[in-house]
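Peer 1: I am attaching a structure below and will ask some questions about it afterwards.
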Amino acid sequence: TVLFILVGLFLSTFSAAELLTHYKLGPGDQIKIQVTGEDDLLLDVLIGESGMISYPFLGDVNVNDLTVSEIDDFITKGLKGPYLVDPDVTVSVQTHRKFFVDGKVEKPGGFPFEPGMTVRKAISMAGGFDERANKKRIFVIRAGKENAKPEQISLDDAINPGDTVTVERSFF
């Protein structure tokens, strides 16, 4: 039993860490870029609809659909040489874009994403199920997938930034 609990804890930690490693940034995410010893190169910015940010010396940079490490590499290469000998760049996500809950919940809307978010937590943030909710008919449309179709999910399934969760109505 203890082994199963430890494995479960490891997998839940890994999936949150994996999300952050493979997470593709997009509009609504807020990132922070720091270069050690270079206060003038500190940038804390909300990514707008265009997916572009303006970074000192590099100008407009398209960060849409890039990971934190891809942005780190790009900025490091851009600053190396003409500006700095060996820049130590750190890029981090300050806040993730919202996810959305609609349908038969008390307070539908957009909510701030936190790593480890599940459908159960998302519905709780939306005030819980309303009296007409069908707790077995919950669907998600995953963000970032073209022509995404609703997928049925359970209360313990993971939610990602930008996802839309819909709780359907019960007929009884």
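The values are calculated or read from the model by the stated rules, or taken from the named source; none is laboratory data. Predicted model only: the values in this text are computed from it and were never measured. Here the Cβ positions follow ideal geometry from the backbone for every residue, glycine too, while neighbour counts run over all protein chains shown. Accessible surface is based on the protein model in full, side chains and every heavy atom, while ligands, DNA and RNA are left aside. Shrake-Rupley method; radii C 1.70, N 1.55, O 1.52, S 1.80 Å.
Peer 1: So who's got an amide H within less than 5 Å of the one on ALA143, skipping anything under 5 residues away but keeping other chains? H placed 1.01 Å off N, in plane.
Peer 2: Under 5 Å from the amide H of ALA143 lie the amide H atoms of ASP163, THR164, each far enough along the sequence or on another chain.
Peer 1: Another question about this same structure. Heavy-atom accessible area per residue, region 60-162, 1.4 Å probe: how many Å²?
Peer 2: 59 Å²
Peer 1: Using a 7 Å offset from the Cα along the Cα-to-Cβ direction at both ASP60 and LYS149, what is the distance between the two label points in nm, to one decimal?
Peer 2: 3.8 nm
Peer 1: Now a separate question. Starting at the first residue of region 48-54, write each ³J(HN,Hα) from the Karplus equation 6.51 cos²θ - 1.76 cosθ + 1.60 with θ = phi - 60°, in whole Hz, x for Gly and Pro.
Peer 2: Calculated HN-Hα couplings, in order: x, 4, 6, x, 9, 10, 10 Hz.
Peer 1: Roughly how big is the chain's charge dipole about its Cα centre, with Cβ charges of +1 (Lys, Arg) and -1 (Asp, Glu), in debye to the nearest 20?
Peer 2: Charge dipole of the chain: 1040 debye, to the nearest 20.
Peer 1: Ok, one more. The list (1) 13.1; (2) 11.0; (3) 15.6 gives values of mean projected area of the Cα convex hull in nm², and only one came from this structure; which label was calculated from it?
Peer 2: It is the value labelled (1).
Peer 1: Next question, about the same structure. Put +1 on the Cβ of each Lys and Arg and -1 on the Cβ of each Asp and Glu in region 14-172; which of MET52, VAL167, VAL35 then has its Cα farthest toward the positive end of the dipole?
Peer 2: So the residue we want is VAL167.
Peer 1: On to the next question. Step through the residues of region 160-171 one at a time and calculate ³J(HN,Hα) from phi using the Karplus curve (6.51 cos²θ - 1.76 cosθ + 1.60, θ = phi - 60°), rounding each to whole Hz and writing x for Gly and Pro.
Peer 2: With the stated coefficients, region 160-171 comes to 10, x, x, 5, 10, 9, 10, 9, 7, 7, 8, 8 Hz.
Peer 1: Give a residue-ordered list of calculated ³J(HN,Hα) values for region 125-131 (Karplus: 6.51 cos²θ - 1.76 cosθ + 1.60, θ = phi - 60°; whole Hz; x for Gly, Pro).
Peer 2: Couplings: 5, 8, x, x, 5, 8, 5 Hz.
Peer 1: Also: If you line up the long axis of helix 2-22 against the longest principal axis of the chain, both from Cα atoms, how many degrees apart are they, to the nearest 10?
Peer 2: Orientation of helix 2-22: about 50 degrees from the principal axis.
Peer 1: In degrees from 0 to 90, rounded to the nearest 10, what is the angle of the helix 68-79 Cα long axis to the longest principal axis of the chain?
Peer 2: In the chain, helix 68-79 runs at an angle near 10 degrees to the longest axis.
Peer 1: Moving to a separate point now. In terms of Cα to Cα distance under 23 Å, which lysines are near enough to LYS32, apart from those fewer than 8 places away along the same chain?
Peer 2: LYS32 reaches LYS24, LYS77, LYS80, LYS98.
Peer 1: Hey, any idea what % of the chain's accessible area is carbon plus sulfur with a 1.4 Å probe?
Peer 2: Looking at the chain in its full context, I get 55 percent from C and S.
Peer 1: Show the residues, 5+ positions off or on another chain, whose built amide H is closer than 5 Å to the amide H of THR118.
Peer 2: ILE159
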